[in-house]
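The values are calculated or read from the model by the stated rules, or taken from the named source; none is laboratory data. None of the values given here were measured: they were computed from a predicted structure. In this analysis, Cβ positions are derived from the backbone assuming ideal geometry, glycine residues included, and neighbour counts consider all displayed protein chains. Heads up: the accessible areas ignore ligands, DNA and RNA and are worked out on the full protein's heavy atoms, side chains in. Shrake-Rupley method; radii C 1.70, N 1.55, O 1.52, S 1.80 Å.
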Amino acid sequence: MASQKFNILYGRLSQEDDRAGDSNSIVNQRLLLERYAQANGFEKTIFLADDGYSGTNFDRPSWKKVIEMIERDEVETLIVKDMSRLGREYLQVGQLTELYLPAKGVRFIAINDGVDSLVESSTDFNPIRNWANELHAKESSKKVRAVKKLQAERGERLGGMPPYGYRKRSNDTKAIVPDEDTAPVVQRIFELCASGKGPNQIARILTDEKIVNPSNYWHRKYGISHRHLDTTRPYNWSGSTVTGILNNKVYLGHMQGLRNTSISYKNKKHILRPESEQILVENTHEALVSQERWDIVQTVRQHKKRTPKQMDEPNMFSGLVYCADCGKPLVLHRASTMKKTRYNFQCYTFGKRGKGNCSPHHIREMDLMKIVLDDIRRVTHYARTQERQFAQYINQKNSVELRREMNVLQKELGAMRKRDGELSMLFKRLYEDHVLGRVTAEQFRMLSSDYNTEQKVLEDAIPEKDARLEKLKASAANVESFIEKAKRYTAIDELSPELLRLFIQRIEVGERSKKYSRSASQSVRIIYRDIGVMDRPMEVKVMQPQDAPAEKSVVQIPA
């Protein structure tokens, strides 16, 4: 059987080895191995090599072929240039050379290290060699990570294919410019999401319109394969692909570096870094999406909930409508058995906990749509036609409201920080009492658990309050921005999710002046982006005669 076996000459080269010079090149490794085999009488040789593979990665095509041949008992000798060509992971290399190859009857030779498994003394220093080889891989990994970080901080693209919607600039492969074929698709995806569509809905629309998905587009245009490539379904889009596009800040014109990393230099599995560890360099290339639309899309996605199959349209007010009393969202109630005119909002707290905790704050969807549409028309008309008076009124009003809210936040923060300090002192005293035997172990466990829970709540709430305070300090009313938006929308015929989130930040619905009355007035407070509340709450009177064929809503806005 030995006459039917082969002598394998194996070479490996990583990108880091390639940068070190020509001595490790695959060509030079092959020359060295073939000369050695010829000089030492090794016949029936086969040369196999893996070019561009790290020594810590044993999932290499040619190496797997070597293992397959060994398992079929087709290998007599395995010859490499040195131990590092076999690998740079000392545990796995040690397992291969000390256990696996001897058990399979395969002779192992590392030429430059003077290792020959037939000569027992030649393997004495193998553990040290393997450890040194792995240390080299570890140091190389550190250097590569440092270089990548510097590139990310400079706003450079860290290799690979450009994001869908962009292509490489012809005279500078590190720079990207909009792709004439796919940039409109990206813009349409953001437009559809801003209008209230979710990732899965958008994916179905693109699939129905037979738009080539990213992996097949790259394959057709550049001949590049992808592990998720399915050429039999070139128009099949997935919700995850759309989600990836909607989450990518590259479409704002920013370069977001170090988004992914490997677990370690040994484990090459890629994981997503926390956003705080990523590096964002702004305005590095042409944007495909405006900041305004990006913000609207993120707001829509944050508040969007899955729409029941029997419902055609999602709730456009999702994340915008709240109870004026308890502050919880108003929930939209609708069903396939209900007429659209009877779709209505109701307080979440009332629905979950009953009338002892809050009241219904009931308002019909069609009434709210009319109220909001009429008020947007009124306010934007005022902003367009009376710019100076509008700006003067808003700046004067908001400066008072801003100071009031900042004072409230500062008082709340002061109280929370004081309580946080008190809890730390209480826990310290409790621990001392426990050590001195003044409280039992059970008392210590119960009290310390309560203190820790309260302190954890404070630790989460204080940064949120701080962020809100900083936002208020930096966000005096941006009247100019609102006026500019009002000028763009001179004819507002109907509401859309994008229009709502472009102009409105929050809607607060009060209870009727007389509970359960069909004709009693109801407070609806609309808080606009950039300018806040335009005037005191509108009084909304919904007239519902019992014998009327359809409801009518009359909006009473004070002069």
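Numerical summary
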{"quantity": "Verdict on Glu191 being surrounded by 14 or more Cβ atoms within 10 Å (Cβ to Cβ), more than 25 Å from the chain's Cα centre (by Cα) and part of a helix (DSSP H, G or I)", "calculated": "no"}
{"quantity": "Filtered residue count, region 500-514, keeping only those that are assigned to a helix (DSSP H, G or I) and more than 15 Å from Gly319 (Cβ to Cβ)", "calculated": "0"}
{"quantity": "Scan of region 436-489 for residues that are at pLDDT 85 or above, of a type in the set (Val, Ile, Thr), touching a helix residue (DSSP H, G or I) at 6+ places or on another chain (Cβ under 9 Å) and under 25 Å from Asn407 (Cβ atoms), ordered by number", "calculated": "Ile462"}
{"quantity": "Single unsatisfied condition, Asp230 versus (1) surrounded by fewer than 19 Cβ atoms within 10 Å (Cβ to Cβ); (2) under 30 Å from Glu498 (Cα atoms)", "calculated": "(2)"}
{"quantity": "Odd one out for Val212, checked against (1) of a type in the set (Val, Ile, Thr); (2) part of a loop (DSSP other than H, G, I, E, B); (3) buried (at least 17 other Cβ atoms within 10 Å of the Cβ); (4) in contact (Cβ under 8 Å) with a residue 40 or more places away in the chain", "calculated": "(4)"}
{"quantity": "Asp113 being touching an Asp or Glu at 6+ places or on another chain (Cβ under 9 Å), open to solvent by 40 Å² or more (accessible area, probe 1.4 Å), of a type outside the set (Lys, Arg) and closer than 20 Å to Phe42 by Cα", "calculated": "yes"}
{"quantity": "Cβ pairs under 7 Å, 6+ apart, first in region 429-457 and under 22 Å from Arg417 (Cβ atoms), second assigned to a loop (DSSP other than H, G, I, E, B) and open to solvent by less than 60 Å² (accessible area, probe 1.4 Å)", "calculated": "Leu430/Val439"}
{"quantity": "Region 353-365 residues that are closer than 18 Å to Val321 by Cβ, paired with ones that are surrounded by fewer than 20 Cβ atoms within 10 Å (Cβ to Cβ) and hydrophobic (A, V, I, L, M, F, W, C) (beta carbon under 7 Å, 6 or more apart)", "calculated": "Cys358/Cys326; Glu365/Leu332"}
{"quantity": "Count of residues meeting criterion [more than 35 Å from the chain's Cα centre (by Cα) and open to solvent by 10 Å² or more (accessible area, probe 1.4 Å)] in region 367-402", "calculated": "20"}
{"quantity": "Lone qualifier among Asn267, Asn200, Asn236 - being in a loop (DSSP other than H, G, I, E, B) and either under 22 Å from Arg293 (Cβ atoms) or at pLDDT below 90 (or both)", "calculated": "Asn267"}
{"quantity": "Inter-residue pairs, beta-carbon under 7 Å, first under 12 Å from Tyr10 (Cα atoms) and among the aromatic types (Phe, Trp, Tyr) and in region 28-57, second open to solvent by less than 40 Å² (accessible area, probe 1.4 Å) and not in a helix (DSSP H, G or I), 6+ apart", "calculated": "Phe47/Leu9"}
{"quantity": "Candidate set from region 55-81 (those that are at pLDDT below 90 and out of contact with any helix residue (DSSP H, G or I) (no Cβ under 7 Å at 6 or more places or on another chain)); member that is surrounded by the most Cβ atoms within 10 Å (Cβ to Cβ)", "calculated": "Asn57"}
{"quantity": "Gly223 being open to solvent by less than 20 Å² (accessible area, probe 1.4 Å), small (Gly, Ala, Ser) and at positive phi", "calculated": "no"}
{"quantity": "Residue satisfying all of: in region 420-466; farther than 27 Å from Leu409 by Cβ and of a type in the set (Lys, Arg); least open to solvent (accessible area, probe 1.4 Å) among these", "calculated": "Lys428"}
{"quantity": "Residue in region 158-177 that is assigned to a strand (DSSP E or B), in contact (Cβ under 8 Å) with a residue 40 or more places away in the chain and within 21 Å of the chain's Cα centre (by Cα) present", "calculated": "yes"}
{"quantity": "Subset tally (residues that are over 14 Å from the mean Cα position of the chain (by Cα) and at pLDDT 80 or above) for region 270-293", "calculated": "13"}
{"quantity": "Count of region 353-386 residues which are among the charged types (D, E, K, R) and touching a Lys or Arg at 6+ places or on another chain (Cβ under 9 Å)", "calculated": "3"}
{"quantity": "Selection from region 317-335 of residues that are in contact (Cβ under 8 Å) with a residue 24 or more places away in the chain, open to solvent by 50 Å² or more (accessible area, probe 1.4 Å) and under 23 Å from Ser195 (Cβ atoms)", "calculated": "Arg334"}
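Yes/no per residue for (1) at pLDDT below 90; (2) within 25 Å of Glu498 (Cα to Cα); (3) in contact with a Cys (Cβ under 7 Å, 6 or more places away or on another chain):
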position	(1), (2), (3)
Asp374	no, yes, no
Arg377	no, yes, no
Ile394	yes, yes, no
Lys397	yes, no, no
Glu401	yes, no, no
Met406	yes, no, no
Leu423	yes, no, no
